[in-house]
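The values are calculated or read from the model by the stated rules, or taken from the named source; none is laboratory data. Just so it is clear, the structure is predicted and the values come from calculations on it, not from any experiment. Here the Cβ positions follow ideal geometry from the backbone for every residue, glycine too, while neighbour counts run over all protein chains shown. Just the protein is used for accessible areas: all its heavy atoms, side chains included, with ligands, DNA and RNA removed. Shrake-Rupley method; radii C 1.70, N 1.55, O 1.52, S 1.80 Å.
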Amino acid sequence: MLVLLLVTVVGIQAQSSNKGWHLEAEGNGIAIQKAYDYLGQSPSQPIIVAVIDGGVDADHEDLQYNMWVNQDEIPGNGIDDDKNGYIDDINGWSFIGGKDGDVGQDNLEITRLYKKYMMQFKNADIAKMSKKERREYDKYLDIKKKVENRKDEADGMYKQMEFTKTMLENAARGLEQVLKDEGLNFKDLNKIKSNDQNAIIAINVIQQLENQGLEINSLNDLNDAITNEIGGAVDYYKSQSLYHYNPDYD
């Protein structure tokens with residue numbers, strides 16, 4: 001089952017690593033090429049786009065020369081030149097990260113809403129609610145259910161991925177030891193006589209990874225695959241479990 005889990009994760013990672021997937025029309029893409037084809041040679045004009053919640057990398061090569069600039073603000077002087085309440089807001093303002101705009105880990109917006117409503121309805125009396133308050137309360141219950149379900153799922157997957165990663169790392173070490181004990185190299189996997197369970201697991205994983213299109217020609221390749229594929233999944237679910245859907249994280 002754990003080998004199957006690894007293969008599933010690798011398959012998902014391989015799909016998401018397809019360069020340019022976000023530009024395509026299918027799935028979560030934005031169909032940028034279709035937009036270009038539709039516009040053709042139509043004259044262009046500047047459009048200011050406000051990015052809410054997600055944030056952008058202002059130093060990205062495709063954005064750094066196209067970022068909106070607040071002409072009423074003098075960069076880096078530490079003064080609120082335009083008197084709008086924000087100092088040095090040259091390209092806008094990060095309301096979570098502040099002046100520097102840097103955010104390491106944080107709640108998702110749905111979790112922030114959950115925390116907001118949780119305080120609002122902490123000691124609420126349903127019988128005394130107005131219709132508007134009841135609608136908000138029902139919205140709170142819906143958000144609460146979603147956040148708690150996603151948190152539970154993330155907790156479970158985080159633990160499962162950590163266990164899987166540890167198991168596969170042990171399997172790789174077991175295979176290394178068996179090859180050493182039997183005087184074989186990585187190309188001689190089919191000559192292994194040992195019934196060591198870790199080595200058997202490692203060989204099965206190698207076969208599955210190669211079936212997924214990955215080249216595993218050495219123990220280093222195997223360890224890299226474990227680190228990149230399973231390690232990436234561990235980091236993903238760790239962020240969801242400890243930060244994104246965790247209302248206790250502030």
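Given the criterion outside any helix (DSSP H, G or I) and not hydroxyl-bearing (Ser, Thr, Tyr), identify the matching residue among Leu214, Leu175, Leu189, Leu209.
Checking each option against the conditions leaves just Leu214.
Looking at the range 215-232, can you tell me whether even one residue there is within 30 Å of Val103 (Cβ to Cβ), in contact with a helix residue (DSSP H, G or I) (Cβ under 9 Å, 6 or more places away or on another chain), among the acidic types (Asp, Glu) and modelled with pLDDT under 95?
Checking the range 215-232: at least one residue is within 30 Å of Val103 (Cβ to Cβ), in contact with a helix residue (DSSP H, G or I) (Cβ under 9 Å, 6 or more places away or on another chain), among the acidic types (Asp, Glu) and modelled with pLDDT under 95.
Any residue in the range 118-144 that's touching a residue at least 60 places away in the same chain (Cβ under 8 Å) and part of a helix (DSSP H, G or I): show its pairings with residues that are open to solvent by less than 70 Å² (accessible area, probe 1.4 Å) and not polar (S, T, N, Q) at Cβ separation under 9 Å, as long as the two are six or more apart or on different chains.
Partner pairs satisfying both residue conditions: Met118/Tyr140; Met118/Lys144; Met118/Pro247.
Do you know which residues across the range 116-145 are over 25 Å from Asp248 (Cα atoms) and under 31 Å from the mean Cα position of the chain (by Cα)?
Correct list: empty.
Would you check if there is a residue in the range 164-172 being free of Cβ contacts under 8 Å to residues at least 60 places away in the same chain and either farther than 30 Å from Tyr243 by Cα or in contact with a Phe, Trp or Tyr (Cβ under 8 Å, 6 or more places away or on another chain) (or both)?
Within the range 164-172, one or more residues are free of Cβ contacts under 8 Å to residues at least 60 places away in the same chain and either farther than 30 Å from Tyr243 by Cα or in contact with a Phe, Trp or Tyr (Cβ under 8 Å, 6 or more places away or on another chain) (or both).
In the set Ile230, Ile192, which member is out of contact with any Lys or Arg (no Cβ under 6 Å at 6 or more places or on another chain), within 20 Å of Asn170 (Cβ to Cβ) and surrounded by 14 or more Cβ atoms within 10 Å (Cβ to Cβ)?
Ile192
Given (1) at pLDDT 95 or above; (2) crowded, with 18+ Cβ neighbours inside 10 Å; (3) not aliphatic (A, V, I, L, M), identify the lone condition not met by Glu153.
(2)
Would a scan of the range 83-96 turn up a residue that is at pLDDT below 90, surrounded by 14 or more Cβ atoms within 10 Å (Cβ to Cβ) and either over 29 Å from Arg112 (Cα atoms) or among the aromatic types (Phe, Trp, Tyr) (or both)?
yes
Just checking, which of Ile52, Ile48 is more than 22 Å from Asp106 (Cβ to Cβ), open to solvent by 80 Å² or more (accessible area, probe 1.4 Å), out of contact with any Leu (no Cβ under 9 Å at 6 or more places or on another chain) and not in a helix (DSSP H, G or I)?
Sole residue among the options that is more than 22 Å from Asp106 (Cβ to Cβ), open to solvent by 80 Å² or more (accessible area, probe 1.4 Å), out of contact with any Leu (no Cβ under 9 Å at 6 or more places or on another chain) and not in a helix (DSSP H, G or I): Ile48.
Just to be sure before I move on: is Asp235 under 30 Å from Asn107 (Cβ atoms), modelled with pLDDT under 90 and either among the hydrophobic types (A, V, I, L, M, F, W, C) or open to solvent by 30 Å² or more (accessible area, probe 1.4 Å) (or both) in the structure I sent?
So Asp235 does not fit the description; no.
Among the listed residues Leu168, Leu214, Leu179, Leu184, which satisfies the condition of being touching a Lys or Arg at 6+ places or on another chain (Cβ under 9 Å) and more than 30 Å from Asp106 (Cβ to Cβ)?
Leu184
Given (1) part of a helix (DSSP H, G or I); (2) modelled with pLDDT under 80; (3) farther than 24 Å from Gly104 by Cα, identify the lone condition not met by Gly27.
Failing condition for Gly27: (1).
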